[in-house]
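Here's the structure, in structure tokens; my notes come after.
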Amino acid sequence: MKLYNTLTRKIELFTPAHDRKITLYSCGPTVYDYTHIGHARTYTNTDVLKRTLVSFGYKVKHVMNITDVGHLTGDDDTGEDKLEEGAKRIGKSVWDVAKAYTDFFLKTLIELNIIIPDQLVKATNHVKEMTQLIKQLSQEGFAYETGEAVYFDVTRFKNYGKLSRQPLEEKIQKARKEVYVDPQKRNPADFALWFKRVGRFSSHTMHWDSPWGDGFPGWHIECSVMSMKYLGETIDIHTGGVDHLSVHHENEIAQSESATGKPFVRFWFHNEFLLVEGQKMSKSLGNIYTVDDVVKKGIEPAALRLLYLQTHYRKQLNFTWEAARAAQEAYNRLKEYVIALCKETQRTTLSAEKLKQIDSYRQKFADAIANDLQMPQALAVMWDALKSNIPATDKLDLVVNFDQVLGLKLKDIKEEKIPKEILDLAKKRVQARKQNDFETADLLRKEIQRKGYRIEDTEDSFVLKPKPKIPLQK
């Protein structure tokens, strides 16, 4: 399997460090607000990566963090803790905020058929380990203490900037333009490992004892501690959004490799941004949508997942309601294919030619996903297979097998039972058409549509289908 490695900026042949066992760490949510569709795209792509690895026979141990303390509103250690900000916004305790938004995050994963990580680990449950790592970094000269915090000295890590490929001098110069709270910082680009409960954080709700006084951990140290605790000092794959590349992930590398002297991550897997109508999501624009918002517009979560898969993970995806409706229509067609195939259950003896055709589809699908997760190509293979002349039962087996990677829940699709009321209206319409009473037939068609179904005429009967719940406009 080949994957693009952000560290090398190349597509490389991926092999795990230990036989066929893969360690996978994902940056999870900061649970101070709702998980939106941009986050959901990142988690879906990570899910596809994991499903692909499993499909190739690897055993994947997947750990994801839940950040419930220490993530400030500014990446340069300015602003307030996002959990504290969330608590003020909705008038609840930080603990209640963390629980509510963690629950919403998990609900989002389930709706999108994302496999829950083997371990979801909370930052607040690992403060002891964080203070131990900070103590080690301090003793070895990589960290220093001021009156307000403990900082990592970026000049002590000679390879700082290797992930983003931004030279340290450039990072420091850029950082000088920002606003700093602590004048005792040695270098503008130094980042906080521990915040003391003094000054602007004197009333911080979440705090613990430490060798440097009462306080709370910085955001970056959390991922280093939790990934190394559960997956070891060097992990195979680390996933996250491109927004984490230049700061958070850079800082994870610096503190982890300074502590262990070993490579922290072998492959970095970064997802590109999701735009909405060509713009970045923001509260001021009112274009931050959750999966629930999408469902209210008549788009099923599986259709949203299908929309995600239509664009490669390293390309920006522009979400529009038109594109979402098109994805829903495509998913409706996919369901109709599957339902029709399920009705043709007779297994036939396959000719050598048909066996070769099936193997060809399997190989094309495997080649697509093995080549840095080319999911648009994989989807094209699936549609080609559905439209082929392969016997129905074998075709169904094939696409259900593909769906172990796609995650569109094709195996669960069942034909919806048409209510007797709708069937009676359809039968009356057949009689009206036979009597050339087309006015009544048209009224009955509209009544059927109003009740959520569409009717298609055959020579002497009809076909009823649930009408897609897709709005005509935003």
Inset, instruction - Per DSSP H run of at least 4 residues, take -39500 (n - 2.57); add these up for the chain, divide by its residues and hand me the 222 nm value, nearest 500 deg cm²/dmol. - result: -14000 deg cm²/dmol
Inset, instruction - Express in nm, to one decimal, how much length is gained between Trp95 and Lys343 on full extension, taking 0.36 nm for each residue of separation and deducting their alpha carbon distance. - result: 84.2 nm
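Fewest first, what order do Thr15, Thr108, Thr349, Thr234 take by the number of other Cβ atoms within 10 Å?
Listed from fewest to most nearby Cβ atoms, that is Thr349, Thr15, Thr234, Thr108.
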Legend entry - Residues whose placed amide H lies under 5 Å from that of Glu233, excluding near-sequence neighbours: none
Inset, instruction - State the Cα centre-to-centre distance between segment 307-366 and segment 203-253 in whole Å. - result: 40
Inset, instruction - Determine, from the Cβ-Cβ distance of Ser388 and Ile418 and an R0 of 25 Å, the FRET efficiency 1/(1 + (r/R0)^6), rounded to the nearest 0.05. - result: 0.30
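With a/c under 1.5 counting as rounded, go ahead and sort segment 2-271 into rounded, prolate or oblate using the C-alpha gyration tensor (a ≥ b ≥ c being the square roots of the eigenvalues; past the cut-off, prolate if a/b is larger than b/c, else oblate).
On the way: a/c = 1.75, a/b = 1.23, b/c = 1.43.
Oblate is the answer for segment 2-271, as a/c is 1.5 or above yet b/c matches or exceeds a/b.
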Legend entry - Nonlocal amide H pairs with Met281, under 5 Å, H built at 1.01 Å: Val276
Legend entry - segment 291-412: radius of gyration and largest Cα-Cα distance (Dmax), Å: 15.3, 49
Legend entry - Dipole magnitude of segment 420-466 about its Cα centre (Cβ charges: Lys, Arg +1; Asp, Glu -1), debye to nearest 20: 220
Legend entry - Burial ordering of Cys27, Cys223, Cys342, fewest other beta-carbon atoms within 10 Å first: Cys342, Cys27, Cys223
Inset, instruction - Could you list which residues have their amide H under 5 Å from that of Ala149, counting only those 5 or more apart in sequence or on another chain, with H placed in the peptide plane? - result: Lys196
Legend entry - ³J(HN,Hα), Karplus 6.51/-1.76/1.60, whole Hz, each residue of segment 127-141, x for Gly, Pro: 5, 4, 5, 5, 5, 5, 5, 5, 4, 4, 4, 5, 5, 8, x
Legend entry - Angle between the chain longest axis and helix 37-55 axis [Cα atoms, degrees, rounded to 10]: 80
Inset, instruction - With only Lys, Arg, Asp and Glu charged, each at its Cβ (+1 for the first two, -1 for the last two), find how big the charge dipole of segment 216-352 is about the Cα centre; round to the nearest 20 debye. - result: 440
Legend entry - nm² value of the averaged projected area, convex hull over the Cα atoms of segment 140-230: 6.9
Inset, instruction - Please go through segment 235-310 and write out the GluC sites (Glu not before Pro) that DSSP classes as loop and that have at most 14 other C-beta atoms within 10 Å. - result: Glu277
Legend entry - For the chain, with +1 on Lys and Arg beta carbons and -1 on Asp and Glu, the positive-most of Leu317, Thr440, His220 along the dipole: Thr440
Inset, instruction - Please report the relative contact order for the chain, taking Cα pairs under 8 Å with a sequence separation of at least 6, and give it as a percent rounded to a whole number. - result: 16
Legend entry - Point-to-point label distance, Arg165-Leu355, nm (Cα→Cβ direction, 7 Å offset): 4.9
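Any read-out appearing in this document is the output of simple, stated calculations on the displayed coordinates, not a laboratory observation. Just so you know, these numbers come straight off a predicted model, no measurement behind them. As a convention, Cβ positions derive from the backbone with ideal geometry for all residues, glycine included, and neighbour counts pool all protein chains shown.
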